[in-house]
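All of the numbers you see were taken from the coordinates with simple rules; none came from a lab. Quantities reported herein were computed from a predicted structural model and do not represent experimental measurements. FYI the Cβ positions are ideal-geometry reconstructions off the backbone, even for glycines, and counts take in every protein chain you see.
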Amino acid sequence: MSNLEFPTLETTRLLLNRLTTDDREPLFAIFSDPDIIEHYDVERFKKINEADQLIAYFDARFDSDTGIRWAIRDKSSGVFLGTCGFTHWNEFDHSAVVGYELSSHFWGKGYASEAVGTIINFIFSDDFHFYVHRVEALILPSNQPSEKLLKSLGFSFEGTLRGKCYWNSGFHDMKMYGILRNEHLK
Ligand SMILES: CC(C)(COP(=O)(O)OP(=O)(O)OC[C@H]1O[C@@H](n2cnc3c(N)ncnc32)[C@H](O)[C@@H]1OP(=O)(O)O)[C@@H](O)C(=O)NCCC(=O)NCCS
């Protein structure tokens, strides 16, 4: 069990903080939206309790210090816009995997750049409780918005992992993007 306090972050327009059970409905709306799942290697939600399970999973990951997921909220209205965060970090290889999704109502307004840029700054900063050397992202080759977002944040394309993920009843190639600490700080 981790004794860490959940780090709340702020950007110009956004508040990034811990998800609560009150977020179950907007979270379900996101993960049951076919537009979100079109290029995202997750299964589409069919029942609201899948949102409860996801919130519990995010909580357990934070409590075991194996990952962190923030709610992305509009700072002035408090409206839940989506989530972003990191998985798979450990003290041995000093790397983490970034993930994110935003309600389709809010796409194209720069919110993902603002939120994901902020959590990347945070994980590479001295405020983070251990030294991170590398952040990576795996995306479906069709996911142009995500690819553009990663490039604009300074990630480099590192290659294609063939048949890397099983999703939507088939095996899919995944594109690997990565950014190193010294590239981020440049
Ligand atoms: C990927 C996602 C988070 C981007 O969110 P967003 O808030 O629309 O992104 P932004 O507005 O910050 O834009 C980021 C960049 O992507 C570009 N972009 C946004 N939507 C785009 C689209 N539909 N097609 C092409 N480029 C797009 C923007 O122009 C911007 O590039 P720029 O900085 O060079 O102008 C959003 O599309 C999403 O939630 N998708 C579904 C879930 C998903 O695929 N998650 C990632 C899994 S790896």
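Sort the following peptides by mean Cβ neighbour count (other Cβ atoms within 10 Å, averaged over residues), highest first: 79-88, 133-142. Kindly include the intermediate steps, with their values, before the conclusion.
Working: 79-88: 20.8, 133-142: 17.5.
Final packing ranking: 79-88, 133-142.
Under the definition of Cα pairs under 8 Å and six or more residues apart, what whole-number percent is the relative contact order of the chain? Before the final figure, lay out each step's value.
Details: 307 pairs, mean separation 33.5, N = 186.
The value is 18 percent.
R0 = 22 Å: FRET efficiency of GLU25 with GLU114, Cβ-based, nearest 0.05?
0.40
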Task: Integer Hz, Karplus 6.51/-1.76/1.60 couplings in order for segment 101-112, x for Gly and Pro - done: 7, 10, 3, 5, 5, 10, 5, x, 10, x, 5, 5
- [ ] Would you mind estimating how fast the chain diffuses translationally, via Stokes-Einstein at 10 °C and 1.306 mPa s with the Kirkwood radius over Cα pairs, in µm²/s?
- [x] 94 µm²/s
Open item on the list: Test of understanding: what is the full-extension gain from GLU43 to PHE171, defined as 0.36 nm times their sequence separation minus their Cα-Cα distance?
Closed with: 44.7 nm
Task: 20 Å reach of a label modelled at GLU158, 7 Å along Cα-to-Cβ, counting backbone N of segment 123-140 - done: 123-125, 130-140
